[in-house]
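Here's the structure, in structure tokens; my notes come after.
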Amino acid sequence: DVQMTQSPYNLAASPGESVSINCKASKSISKYLAWFQQKPGKTNKLLIYDGSTLQSGIPSRFSGSGSGTDFTLTIRSLEPEDFGLYYCQQQNEYPLTFGSGTKLEIK
Amino acid sequence: EVQLVESGGGLVQPGRSMKLSCAASGFTFSNYGMAWVRQAPTKGLEWVATISYDGSSTYYRDSVKGRFTISRDNAKSTLYLQMNSLRSEDTATYYCARAGYGYTFDYWGQGVMVIVSS
């Protein structure tokens, strides 16, 4: 199975700042990585797929980069609604696997 | 608007069975693969199973293979997960998700809780 290692575990930032979340695969997954946002009381939201393709309806302040084993989700100019949990997921092969999550909190 | 609504969860004893359902609306259900993803309390997301748009192909994680069966009824726009021989480690919130482009999940339900305990 492809192991996904996500970092940092916790992240605190202020509205208006930029943050980055990293995801490392245990073997090459080409470009096939997705990012999700999870918030209480809301359904999980797909943000990015194929490493850098922005899902329809997602603000352009979200961006993804990377290929092979190393990937990054960057959120520029944080908005209050961006705080929550973020997960990466490899889309390359079964079993599909997720990172352990990053909690983005308000500083 | 795409909507996925899970039902059928609750408390069940170890070794017993439970069947989850997911009612889909707002899209042509028969055109999309579907999946179940679970999340144990305070833990991360874990993919469980995927079924192709026509039900001809299914995929499972090893820990549920032989115990869980994913199926669908395209006439009813409903996805199912039959869970047999349940274990305490199956305790989780189970999410129904639409399989989007390239082995990922573009819409999710709110989830249904399954608690396996005596």
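A few notes on this one:
- Matching residues, the stretch A:19-72, being farther than 16 Å from A:Thr97 by Cβ, within 11 Å of chain B (Cβ to nearest Cβ) and among the hydroxyl-bearing types (Ser, Thr, Tyr): A:Thr43, A:Thr53, A:Ser56
- Within the set B:Gly66, B:Gly15, B:Gly26, the sole residue that is closer than 16 Å to B:Ile115 by Cα and either in contact with an Asp or Glu (Cβ under 9 Å, 6 or more places away or on another chain) or surrounded by fewer than 20 Cβ atoms within 10 Å (Cβ to Cβ) (or both) turns out to be B:Gly15.
- Residue tally, condition out of contact with any Leu (no Cβ under 8 Å at 6 or more places or on another chain) and on the phi < 0 side of the Ramachandran plot, over the stretch A:23-42: 10
- Residues of the stretch B:69-88 satisfying the condition of being assigned to a strand (DSSP E or B) and among the polar types (S, T, N, Q): B:Thr69, B:Ser71, B:Thr78, B:Gln82
- The residue of the stretch A:14-27 that is nearest to B:Thr93 (Cα to Cα), among those that are part of a loop (DSSP other than H, G, I, E, B) and without any contact (Cβ under 8 Å) to a residue 60 or more places away in the chain, is A:Ser26.
- Residue in the stretch B:32-39 that is more than 17 Å from A:Gln89 (Cβ to Cβ) and either in contact (Cβ under 8 Å) with a residue 12 or more places away in the chain or more than 14 Å from chain A (Cβ to nearest Cβ) (or both) present: yes
- In the stretch B:61-102, residue nearest to the other protein chains (Cβ to nearest Cβ) [restricted to those that are without any contact (Cβ under 8 Å) to a residue 60 or more places away in the chain and aromatic (Phe, Trp, Tyr)]: B:Tyr101
- All positions within the stretch A:73-107 that are part of a strand (DSSP E or B) and within 8 Å of another protein chain (Cβ to nearest Cβ): A:Tyr87, A:Gln89, A:Thr97, A:Phe98
- Listed by position, the strands (runs of 3 or more DSSP E) inside the stretch B:3-56 whose residues that are in contact with a Lys or Arg (Cβ under 9 Å, 6 or more places away or on another chain), of a type in the set (A, V, I, L, M, F, W, C) and over 16 Å from B:Thr93 (Cβ atoms) number at least 1 are B:18-25, B:34-39, B:45-51.
Any read-out appearing in this document is the output of simple, stated calculations on the displayed coordinates, not a laboratory observation. On a predicted model such as this, the values are computed, not experimentally measured, just so you know. Cβ atoms come from the backbone with ideal geometry, glycine included; neighbour counts cover every protein chain shown.
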